[in-house]
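Notes for the one structure printed next.
The values are calculated or read from the model by the stated rules, or taken from the named source; none is laboratory data. Quantities reported herein were computed from a predicted structural model and do not represent experimental measurements. With ideal geometry, Cβ positions are generated from the backbone for all residues, glycine too; neighbour counts draw on all protein chains shown. Side chains are part of the model used for accessible areas, which takes the heavy atoms of the whole protein and leaves out ligands, DNA and RNA. Shrake-Rupley method; radii C 1.70, N 1.55, O 1.52, S 1.80 Å.
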Amino acid sequence: VFDMCGLVQEVADVTQRKYGESSGLHIVAQLPDHLCPVSGDRAQIRQVFVNLAKNGVEAMGEKGTLQIAVVTSQSFVEARFDDEGPGIEPDKVARIFEPFYTTKENGVGMGLAICMRIVTAHDGTIRVASRDGGGASMSVRLPMVPVEE
């Protein structure tokens, strides 16, 4: 069991240091003020979040804001990665989780396929949405572990 909110903050900080220090990129984390306990392999979920943050930053290029928000309910914790890039074409949205499918010039097409496999193995879901006018949103929803009072 680990705190997903703490992990999201860690990934936001690392991403800001790596990509945002010398450019017009900003990484903003919006987190609830309580723990977000989920069960599973923290290192694997970290890999998923790092990949989603990297994809968002790369989609924006030299400037923009990547917003990472965590929302919770009684049964799940969801991390949303919203970028200000050009968005994803509708015909590509359905394929981005396929192994070896890529829209990047030098991409291999395994990043999101691996993310899908990891999240599914954690009894979670991963979704993508592209917004009209630009920007994409990737969300990972994992079951919340009940907190004992």
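Can you pull out the residues in region 13-39 that are farther than 16 Å from Glu58 by Cβ and either touching a residue at least 40 places away in the same chain (Cβ under 8 Å) or under 16 Å from the mean Cα position of the chain (by Cα) (or both)?
Result: Asp13, Val28, Ala29, Gln30, Leu31, Pro32, Leu35, Cys36, Pro37, Val38, Ser39.
If we keep just the residues of region 96-128 that are of a type outside the set (Val, Ile, Thr) and assigned to a helix (DSSP H, G or I), which is modelled with the lowest pLDDT? So that I can check it myself, show each step before the final result.
At the first step, the residues of region 96-128 found to be of a type outside the set (Val, Ile, Thr) are 97-101, 104-107, 109-113, 115-117, 121-124, 127.
Checking which are assigned to a helix (DSSP H, G or I) leaves us with 111-113, 115-117, 121.
Details: Gly111: 83, Leu112: 86, Ala113: 86, Cys115: 93, Met116: 92, Arg117: 94, Ala121: 96.
Once the filter is applied, the top-ranked residue is Gly111.
On the basis of being part of a helix (DSSP H, G or I), on the phi < 0 side of the Ramachandran plot and acidic (Asp, Glu), does Asp33 make the cut?
Answer is no for this residue.
For Ala59, are the conditions met, namely being closer than 19 Å to Gly135 by Cβ and not charged (D, E, K, R)?
It is true that Ala59 is closer than 19 Å to Gly135 by Cβ and not charged (D, E, K, R).
Can you name every residue in region 59-95 that is open to solvent by less than 20 Å² (accessible area, probe 1.4 Å) and outside any strand (DSSP E or B)?
Asp83, Gly85
Could you check region 127-149 and list, in sequence order, the residues that are among the basic types (Lys, Arg) and open to solvent by less than 80 Å² (accessible area, probe 1.4 Å)?
None - no residue of region 127-149 is among the basic types (Lys, Arg) and open to solvent by less than 80 Å² (accessible area, probe 1.4 Å), so the list stays empty.
If you go through region 114-126 one residue at a time, do you hit one that is over 19 Å from Gln47 (Cβ atoms), buried (at least 16 other Cβ atoms within 10 Å of the Cβ) and either out of contact with any Gly (no Cβ under 6 Å at 6 or more places or on another chain) or not acidic (Asp, Glu) (or both)?
Among the residues of region 114-126, not one is over 19 Å from Gln47 (Cβ atoms), buried (at least 16 other Cβ atoms within 10 Å of the Cβ) and either out of contact with any Gly (no Cβ under 6 Å at 6 or more places or on another chain) or not acidic (Asp, Glu) (or both), which makes the answer no.
Among residues belonging to region 1-23 that are small (Gly, Ala, Ser) and not in a helix (DSSP H, G or I), point out the one that is least open to solvent (accessible area, probe 1.4 Å). Lay out the reasoning, then the answer.
Kept after step one, since they are small (Gly, Ala, Ser), are these residues of region 1-23: 6, 12, 20, 22-23.
Next, only the ones that are not in a helix (DSSP H, G or I) stay: 22-23.
Values: Ser22: 118, Ser23: 40 Å².
Only one residue tops the list, namely Ser23.
Take Phe49 and tell me if it is more than 22 Å from Glu10 (Cα to Cα), surrounded by 16 or more Cβ atoms within 10 Å (Cβ to Cβ) and among the aromatic types (Phe, Trp, Tyr). Walk me through it before giving the result.
Working: more than 22 Å from Glu10 (Cα to Cα): no; surrounded by 16 or more Cβ atoms within 10 Å (Cβ to Cβ): yes; among the aromatic types (Phe, Trp, Tyr): yes.
Judged against the criteria, Phe49 is not a match.
State whether the residues of region 24-46 include one that is farther than 21 Å from Arg141 by Cα and open to solvent by less than 60 Å² (accessible area, probe 1.4 Å).
yes
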